[in-house]
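The values are calculated or read from the model by the stated rules, or taken from the named source; none is laboratory data. Because the structure is a prediction, the values reported are computed rather than measured. Cβ placement follows ideal geometry from the backbone for every residue including glycine, while neighbour counts extend to all protein chains displayed.
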Amino acid sequence: MEMNEMTAYVTAFVEQLAHMGVQQVVISPGSRSTPLAMVMAEHPTLNIHVHIDERSAAFFALGMAKASGEPVALVCTSGTAVANYYPAIVEAYYARVPLVVITADRPHELRDVGAPQAINQLHMYGSYVKWFVDMALPEGNERMLRYAEMVAARAVYVASSVPKGPVHINVPLREPLVPTIDEPLFLPSSPARIVYKGNKHLCEEMIDELYAELSGVEKGVIICGDLHIEGFSEAVVKLAEALQYPILADPLSPLRTGTHEKQFIIESYDAMLKNEAFANRFVPDVVIRFGAMPVSKSLYVWLQKHKQVKQIVVDEAGQWRDPTLSLQVLIEANEVQFCYDLAQRASHSLRSSQWMSKWQYMNERAKHILLKAEEETDMFEGKIFIELANLLPDKATLYVGNSMPIRDADTFFMSSNKRIRLLANRGANGIDGVVSSALGASYVSQPLVLVIGDLSFYHDLNGLLAAKLQQLHATIIVLNNNGGGIFSFLPQANEPKHFERLFGTPTHLSFQHAVDMYNGHYEKVETWEHFRRAMTDALSRPTLNVIEVPTSREYNVKIHRKLWKDVSQEMSNLLNKGE
């Protein structure tokens, strides 16, 4: 095979990726992937991001794809480099994030014979990718060029179709590996593949049948988890208005922030449902659920306990996302279209609802108590999200780490008319790769602030290199409680003999020198006044900013439990008064 044959083959493949909408490519350096990397670097419309650590690279790509909603390509060499992509691919699969994973490989004759840097890469990611193909070796004839184009087009289409997710293309390559790039590679001769997509929707008879079931049901709730599709907020609010059902809105749903109507939004349901009397009194007859399962444990327990409640899950992908095992009706339809269709059918019989009014009143009382956290003078972790709701500008992106930060966002980040988007890695809920994911998101979404715990920050310190090399602007708030704060709320905390060593895991780290190594600006704050100044400065400083906030695990537990107790007491008082 002549070198120009390989160049033509790879060029046809890369050109079709760009034709199909790929704009961002994350490359980890390696020898076997040389043709892919060099040809991609020559393409006039592809933006190339080079990341040495494959694990961080994959999460960086995931963050870009999550924030933009567009497919991002990942390229690496053969061997263990491929394995290092695995955690991010698992997250992308469960979070429905479009990634086109391209792994270079040894040619077929060098597989399973002890060749260096050759592992079995076939179906490496198993069921965590939507599609896998082991490409043919490069040839330069017309039929094989069309084949390369077809693989690229199909990969982007599959990654971008509902449900979005990762695909894996394994590309075997023989030496010599350096492509011929002395002359222009990309000429206007390759036709783009075009895919037309429509929305799934229910026919009029099905909408009528569903409305007939709901028309006499006053006690209903709408539950919204992580779901970011254009127009969904306005559509589901229309549905809530027509049915007079409250919307229990997870912080990762688009419902808590934005310019849409907020009167149907219930933010404090997690704290409210911790009160057993409230949870038993406010049992709905029907639940309509959109998006991923919310963060709230008390909501999950509530749904699981009341299995007699009719649960309707609306999911255009038609996937059975129901950890409560209580789903009765699955509706495979575009969520926005479904909301408008059902709202239009229900709008002819608009009704007032005491059920709706009671949820709204109880929510306002719970919010009033939870927002008393703002009065805390010590560095209480939950207060961070109250402060950020005030400090973040319109159109900011707030990336939230797993474990305690996302739960505090659920409890303390209330509704706002600001268009603030909350993102988190809640596909597999790991603490790994969060720094890289947030930095990837910062490339396409500004300004960006990440709130993360100290263990999760430590876990992905390598990811900070991206900020240095690409001169990214991001602000990272590290809540340093010297260990795994969430375990202090779990039964393990009642086992003092082994708790600190096995679960608390204190590291006694200060992160200043690590931040300095990556040319970031570091600031340690121990008062709220200092925090506000640091945040204001960071948002206007176009570099990596790390604000370390030392906190106490014991104090954190104490204040959380006090606030939950106060909310529970308020719920009991209102119920006793017949509210």
Residues that are more than 22 Å from residue 442 (Cα to Cα), among the hydroxyl-bearing types (Ser, Thr, Tyr) and over 14 Å from the mean Cα position of the chain (by Cα): which helices (runs of 4 or more DSSP H) entirely in segment 47-135 hold 1 or more of them?
-> 80-83, 86-95
Every residue from segment 263-285 that is assigned to a loop (DSSP other than H, G, I, E, B) and either outside the structural domain of residue 218 (by TED's automatic domain parsing) or buried (at least 19 other Cβ atoms within 10 Å of the Cβ) (or both) | 264, 267, 268, 273, 274, 275, 282, 284
Among (1) farther than 30 Å from residue 257 by Cα; (2) outside any loop (DSSP other than H, G, I, E, B), where does residue 159 come up short?
-> (1)
State which residue pairs qualify: first residue touching a residue at least 24 places away in the same chain (Cβ under 8 Å) and inside segment 124-153, second residue assigned to a helix (DSSP H, G or I) and polar (S, T, N, Q) in any location, beta carbons under 6 Å apart, and separation of 6 or more residues or different chains.
-> 149/16; 152/16; 153/16
Count, please, the residues in segment 392-410 that happen to be part of a loop (DSSP other than H, G, I, E, B) and either closer than 14 Å to residue 447 by Cα or outside the structural domain of residue 474 (by TED's automatic domain parsing) (or both).
-> 5
Residue within segment 297-305 that is closer than 23 Å to residue 130 by Cβ and either outside any strand (DSSP E or B) or outside the structural domain of residue 221 (by TED's automatic domain parsing) (or both) present = no
Select, from 381, 364, 374, the only residue that is of a type in the set (Asp, Glu) and either touching a residue at least 60 places away in the same chain (Cβ under 8 Å) or closer than 19 Å to residue 476 by Cβ (or both).
-> 381
Report, by residue number, each residue of segment 367-391 that is assigned to a helix (DSSP H, G or I), out of contact with any strand residue (DSSP E or B) (no Cβ under 6 Å at 6 or more places or on another chain) and of a type in the set (Gly, Ala, Ser).
-> 373
Condition check for residue 237: assigned to a helix (DSSP H, G or I) and either of a type in the set (D, E, K, R) or without any contact (Cβ under 8 Å) to a residue 60 or more places away in the chain (or both) | yes
Taking residue 300, is it crowded, with 23+ Cβ neighbours inside 10 Å and touching a Pro at 6+ places or on another chain (Cβ under 9 Å)?
-> no
Say we look at segment 215-241 and pick out the residues that are at pLDDT 95 or above, under 19 Å from residue 355 (Cβ atoms) and hydrophobic (A, V, I, L, M, F, W, C); which of these is surrounded by the fewest Cβ atoms within 10 Å (Cβ to Cβ)?
-> 237
Note on segment 47-86: residues β-branched (Val, Ile, Thr) and surrounded by fewer than 22 Cβ atoms within 10 Å (Cβ to Cβ) are 48, 50, 52, 80
Mind listing just one residue for me: the one in segment 406-434 that is under 11 Å from the mean Cα position of the chain (by Cα) and among the hydrophobic types (A, V, I, L, M, F, W, C) and, of those, surrounded by the most Cβ atoms within 10 Å (Cβ to Cβ)?
-> 434
Considering segment 322-339 alone, what residues qualify as being surrounded by fewer than 18 Cβ atoms within 10 Å (Cβ to Cβ), within 21 Å of residue 231 (Cβ to Cβ) and not acidic (Asp, Glu)?
-> 337
Hits in segment 178-214 - residues which are touching a Phe, Trp or Tyr at 6+ places or on another chain (Cβ under 9 Å), surrounded by 15 or more Cβ atoms within 10 Å (Cβ to Cβ) and modelled with pLDDT under 80 | 193
Residues (free of Cβ contacts under 8 Å to residues at least 40 places away in the same chain and either closer than 19 Å to residue 241 by Cα or among the β-branched types (Val, Ile, Thr) (or both)) located in segment 291-311 | 301, 309
Scanning segment 68-89 residue by residue, those among the aliphatic types (A, V, I, L, M) and out of contact with any Gly (no Cβ under 7 Å at 6 or more places or on another chain) turn out to be 72, 73, 74, 75, 82, 83, 89
Of the residues 346, 317, which is among the small types (Gly, Ala, Ser), in contact with a Phe, Trp or Tyr (Cβ under 9 Å, 6 or more places away or on another chain) and modelled with pLDDT under 95?
-> 346
Please indicate, with yes or no, whether at least one residue in segment 442-456 is closer than 22 Å to residue 390 by Cβ and part of a helix (DSSP H, G or I).
-> yes
Can you find even one residue in segment 350-357 that is assigned to a helix (DSSP H, G or I) and surrounded by 14 or more Cβ atoms within 10 Å (Cβ to Cβ)?
-> yes
Need at least 1 residues that are in contact (Cβ under 8 Å) with a residue 40 or more places away in the chain and not hydrophobic (A, V, I, L, M, F, W, C) per element, so show me which helices (runs of 4 or more DSSP H) inside segment 467-579 make the cut, counting only ones lying wholly within it.
-> 528-540, 553-576
Determine, yes or no, whether residue 150 is touching a strand residue (DSSP E or B) at 6+ places or on another chain (Cβ under 7 Å), of a type in the set (A, V, I, L, M, F, W, C) and modelled with pLDDT of 95 or more.
-> no
Considering only residues that are in contact with a strand residue (DSSP E or B) (Cβ under 7 Å, 6 or more places away or on another chain) and more than 20 Å from residue 533 (Cα to Cα), look in segment 392-405 and name the one that is surrounded by the fewest Cβ atoms within 10 Å (Cβ to Cβ).
-> 403
When every residue in segment 87-128 that is among the β-branched types (Val, Ile, Thr) and surrounded by 22 or more Cβ atoms within 10 Å (Cβ to Cβ) is compared, the one nearest to residue 228 (Cα to Cα) is 97
